[in-house]
1. Subtracting the Cα-Cα distance from 0.36 nm times the residue separation, let me have the gained length for R517 to S459 in nm, one decimal.
2. Grab the other residues whose beta carbon is less than 14 angstrom from that of A84, score K and R as +1, D and E as -1, and report the net.
3. Under the Karplus relation 6.51 cos²θ - 1.76 cosθ + 1.60, θ = phi - 60°, what is the ordered set of whole-Hz ³J(HN,Hα) values for region 339-354, x standing for Gly and Pro?
4. Once phi is turned into ³J(HN,Hα) by the Karplus curve 6.51 cos²θ - 1.76 cosθ + 1.60 with θ = phi - 60°, what whole-Hz value does each residue of region 361-374 show in order, with x for glycine and proline?
5. May I ask you to work out the translational diffusion coefficient for region 185-265 at 25 °C, viscosity 0.890 mPa s, via Stokes-Einstein with Rh from the Kirkwood sum over Cα pairs, reported in whole µm²/s?
6. Can you list the trypsin sites (Lys or Arg not before Pro) in region 290-347 that are in a DSSP coil and have 12 or fewer other beta carbons within 10 angstrom?
7. Would you tally the net charge around Q375, using a Cβ to Cβ cut-off of less than 13 Å, leaving Q375 out, and scoring K and R as +1, D and E as -1?
8. Explain nothing, just compute: Karplus ³J(HN,Hα) = 6.51 cos²θ - 1.76 cosθ + 1.60, θ = phi - 60°, for every residue of region 172-178 in order, whole Hz, x for Gly and Pro.
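The numbers here are math on the coordinates, done by the rules we state, and not lab data. Here the structure is a predicted model, which means the values were calculated and not measured. We place every Cβ from the backbone using ideal geometry, glycine too, and count neighbours over all the protein chains shown.
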Amino acid sequence: MRKEISAHAPIRLSHKLFPEVSARKFSRFLKTLLTAALLVVSAGCQRGGSPSTATASPAPAPPAPADASAQSSYADAVARVTPAVVTVRASRRTRAAEQFPFMDDPTFREFFGDRFRQTPEGQERVERGLGSGVLVSADGYILTNHHVVDGAEDIRIELNDGRAFSAKVVGSDQPSDLAVLKVETTGLPVLPLGDSDRVRVGDVVLAVGNPLGVGQTVTSGIISAKGRSTGLSDGSFEDFLQTDAAINRGNSGGALVNTQGELVGINSQILSPSGGNIGIGFAIPSNMARNVMEQLIKTGRVRRGQLGVNIQPVTTEIAASLGLAEGTRGVIINNVVAGSAAERAGLRRGDVVTAFNGQPVSDTNSLRNRVASAQPGSEVTLTVVRDGREQQVRASLGEFTPENARREDEGGGGGEGGQPTRPTGRLGISVAELTPQMAERLRIPEGTQGVVVMAVDPSGPAAMAGLRERDVIVEVNRQQVRTSEELRAAVERTGTRPVLLLVQRGGTNAFITVTPRP
């Protein structure tokens, strides 16, 4: 059979054998002949093949064509969203301060003209800002950023249909960087708020706003990360959605929406060395925005709960030092503020918080935001691991205020000590006992006990873990130490496992793990 016809062997047919056939008909004839030859080969192989190939598997069916319109266009979602996204123009009057007096010097102006001429000192000038906002009610409530309207004396809102209104500030909250405005009209288009907790990394999102004043613009991207804290603003309560949708100046306060046209975030910040978009933008989640907005509309201010602890993440090394199960997530308390809700509830330094009201705690940011979202005085339940045992602790939250926040930041003390004693070679440090005189000289809170790091071997394990000179070691493996001998003995008892140190530095407590030398 294979000698008679081969699909790969050239078939030579001279057009001269068919003088009455046109070139086009001859081509069709040739294609038909080749197809028939291939069918003969296929049938012969099925009759004479081996058992393993006697029944050929059917060719897989081609995949069903995808709905190209759903993947290539978001025009329907954009049409629903854009009428509810507005431009915010804010202005305020300021008085100019004299900065470069030589710029008004006649000799300077002779060479450079008026290009560098400045506003005379004390003369009033108008500063103008540009941002975006989102209509959240038909009767004129608008969500935007605090920094867009901070200090503004006159605010104008421009709709996508060309209408413009004067707006007033209902309330503004710097810690969350959110503000609520109000215009006196009705029948406005509204953007529905989605559930930002259901947003997943990889979801497609659209950013809508007025970047750089060019006019309303829509950009697309995905959710790159959740739960981000940048510290670029006030930094108190940040739980950003990160996106690579293009966000630039003027997008602040605008909408981040999903493909269903629901608001999932308020665009707030970008991370960029140049001030322009590089694909790292941040939006305030809609659930946080909803909570803040409702309080601002109702009372004009935001009340937040406060626990009264300093916390840090549980690293793999800390978990190993505490004997926690592999994969344990949570935060460890390194300081409890005196008189706080945490102290009243019986929380202790070294407790590991793994859940808040039944919701897992993965990092410091998640616990801080969950506590803050609860109202002062509310009863909450924390799941805590203490001395290897899990237990539930109930607490009645206090209220977050700037004064209380400072108490948390200052809690824990700091310090350094007196004359160095015998170094504990396994950690690569030398320490000294903390005397009252040394504590007073170094402004360490009264009553602080521990040993002070006087020198650190740059190549030693302590330096690798981040320990520094003038740090005060308060505890080793959850046991208080007051002398260098107690420190040495505690390290020896640890063996080859990482040592968990509680360290005071600059008025703050922190746990540090150090793996001793053999």
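1. The span from R517 to S459 would gain 19.8 nm if fully extended.
2. Working: positive: R80, R163; negative: D139, E158, D161, E262.
Counting the neighbours of A84, the net charge comes to -2.
3. Working through the residues one at a time gives x, 8, 4, 5, 5, 5, 7, x, 5, 10, 5, x, 5, 9, 8, 10 Hz.
4. 9, 9, 7, 5, 5, 5, 5, 4, 6, 5, 5, 5, 6, 7
5. So the translational diffusion coefficient is about 181 µm²/s.
6. Here the trypsin sites (Lys or Arg not before Pro) that fit, given the DSSP loop and packing criteria, are R301.
7. +2
8. Result, ordered by residue: 9, 10, 5, x, 9, 6, 10 Hz.
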